[in-house]
Amino acid sequence: MVIEKSNFIIYYDEELSYIPEVVEYLELRMDEIMSFFKLDSLSSKKKIIVYNDLELYKRHIEKFYQYQDYMRADTNDGNINLLSVEAAHNTKEHSQMTVDELKSTILHEFVHICQQEAQKETIDNEIIWFWEALATNLGNPEKFSKILITATNDEINNFIFLPYNYPIAFTIGNYILENYTNEEILEYVKYPTKLLNDSELILNDARRWSNSKRL
């Protein structure tokens, strides 16, 4: 089945009866995310492919890197790919996933899509903590809580192997959104070299901020 809207085309199995509800939610929320990134439109309608077969999703992931059980969504090919609720229930990590979590997962990935669209410069260092700081705060903040940051900058920069990496990114994002203007944040989005140059300062200040808040 296919549903086409102004910014996306969603592909899904007919048996997934909750997809129209998901589409309605996305239409309500996507404009505010695009507005944050100062995007009037996307360069093209993005595909949202809902995989109802875990093995098919694994094969998709393995075009880019080794599949891990925690993986349920990605934007590796410039579109949003994710597991259906039913397929997610076949994993250990997401065996209790709900339709609401599916909605927020798509929105989290849509933040990544908008950041890709707004970026004007490409560098080798992806600065993953920054991408996840924005996606957790703008896409699915209801899933996370702020925590005390004790990890070093080197540990944070090695994000994939960082314990509590997403709560840490969420906390850093909270700090950035409270202390930087939208224009300043968008400069970092557009020009990641500038972010790389300022990342030590941002992380040090975010760590102190989390301590001052007694998180």
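The values are calculated or read from the model by the stated rules, or taken from the named source; none is laboratory data. Predicted, not measured: the structure shown is a model, and the values here were computed from it. Ideal geometry is used to build each Cβ from the backbone, glycine not excepted, and the neighbour counts take in all protein chains shown.
Give the number of residues within the range 119-158 that are closer than 17 Å to Val189 by Cβ and either aliphatic (A, V, I, L, M) or surrounded by 13 or more Cβ atoms within 10 Å (Cβ to Cβ) (or both).
Residues flagged as closer than 17 Å to Val189 by Cβ and either aliphatic (A, V, I, L, M) or surrounded by 13 or more Cβ atoms within 10 Å (Cβ to Cβ) (or both) within the range 119-158 amount to 15.
Looking at this structure, is Phe130 under 16 Å from the mean Cα position of the chain (by Cα), assigned to a helix (DSSP H, G or I) and not assigned by TED's automatic domain parsing to the domain that holds Leu28?
Here the answer is yes, as Phe130 does meet what is asked.
Within the bounds of the range 58-78, is there any residue that is in contact (Cβ under 8 Å) with a residue 40 or more places away in the chain and within 26 Å of Ala118 (Cα to Cα)?
Yes, the range 58-78 contains a residue that is in contact (Cβ under 8 Å) with a residue 40 or more places away in the chain and within 26 Å of Ala118 (Cα to Cα).
Among the candidates Glu184, Glu155, Glu178, which residue alone is closer than 18 Å to Val111 by Cα, assigned by TED's automatic domain parsing to the domain that holds Trp129 and of a type in the set (Asp, Glu)?
None of the other options fit; the residue is Glu184.
Regarding the range 32-39, can at least one residue be identified that is on the phi > 0 side of the Ramachandran plot and either of a type in the set (D, E, K, R) or more than 17 Å from the chain's Cα centre (by Cα) (or both)? It would help to see each step written out before you state the result.
Residues of the range 32-39 that are on the phi > 0 side of the Ramachandran plot, as a first pass: 38.
Subset that is either of a type in the set (D, E, K, R) or more than 17 Å from the chain's Cα centre (by Cα) (or both): 38.
Yes, because at least one residue in the range 32-39 is on the phi > 0 side of the Ramachandran plot and either of a type in the set (D, E, K, R) or more than 17 Å from the chain's Cα centre (by Cα) (or both).
Would you confirm whether or not the range 53-74 contains a residue that is assigned to a strand (DSSP E or B) and surrounded by 14 or more Cβ atoms within 10 Å (Cβ to Cβ)?
In the first step, residues of the range 53-74 are kept if they are assigned to a strand (DSSP E or B); the result is 73-74.
Next, only the ones that are surrounded by 14 or more Cβ atoms within 10 Å (Cβ to Cβ) stay: 73-74.
So far as the range 53-74 goes, yes, one or more of its residues are assigned to a strand (DSSP E or B) and surrounded by 14 or more Cβ atoms within 10 Å (Cβ to Cβ).
Across the range 67-87, what is the total count of residues that are out of contact with any helix residue (DSSP H, G or I) (no Cβ under 8 Å at 6 or more places or on another chain) and at pLDDT 95 or above?
Final tally of qualifying residues: 1.
Looking only at the range 166-212, which residues are assigned to a loop (DSSP other than H, G, I, E, B) and loosely packed, with under 13 Cβ neighbours inside 10 Å? If you could, list the steps in order and put the result at the bottom.
Keep residues of the range 166-212 that are assigned to a loop (DSSP other than H, G, I, E, B), which gives 180-181, 191.
Within the range 166-212, Thr181 is the sole residue that qualifies.
Exactly one of these conditions fails for Tyr25: (1) modelled with pLDDT of 95 or more; (2) of a type in the set (Ser, Thr, Tyr); (3) out of contact with any Lys or Arg (no Cβ under 8 Å at 6 or more places or on another chain). Give me its number.
All conditions are met except number (3).
List pairs: first in the range 137-158 and among the acidic types (Asp, Glu), second modelled with pLDDT of 95 or more and part of a loop (DSSP other than H, G, I, E, B), Cβ under 8 Å, 6+ apart or cross-chain?
Note: pairs meeting the criteria are Glu155/Leu162.
For the range 1-31, enumerate the residues that are surrounded by 13 or more Cβ atoms within 10 Å (Cβ to Cβ) and in a strand (DSSP E or B).
Within the range 1-31, Ile3, Phe8, Ile9, Ile10, Tyr11 meet the criteria.
Which ones in the range 133-165 are assigned to a loop (DSSP other than H, G, I, E, B) and not aliphatic (A, V, I, L, M)?
Once the filter is applied, which keeps residues that are assigned to a loop (DSSP other than H, G, I, E, B) and not aliphatic (A, V, I, L, M), the range 133-165 yields Gly139, Asn140, Phe144, Ser145, Lys146, Thr150, Thr152, Asn158, Pro163, Tyr164.
Being touching a strand residue (DSSP E or B) at 6+ places or on another chain (Cβ under 8 Å) and either exposed (fewer than 11 other Cβ atoms within 10 Å of the Cβ) or closer than 30 Å to Glu184 by Cα (or both) is true for just one of Lys38, Lys46. Which residue is that?
Unique residue meeting the criteria: Lys46.
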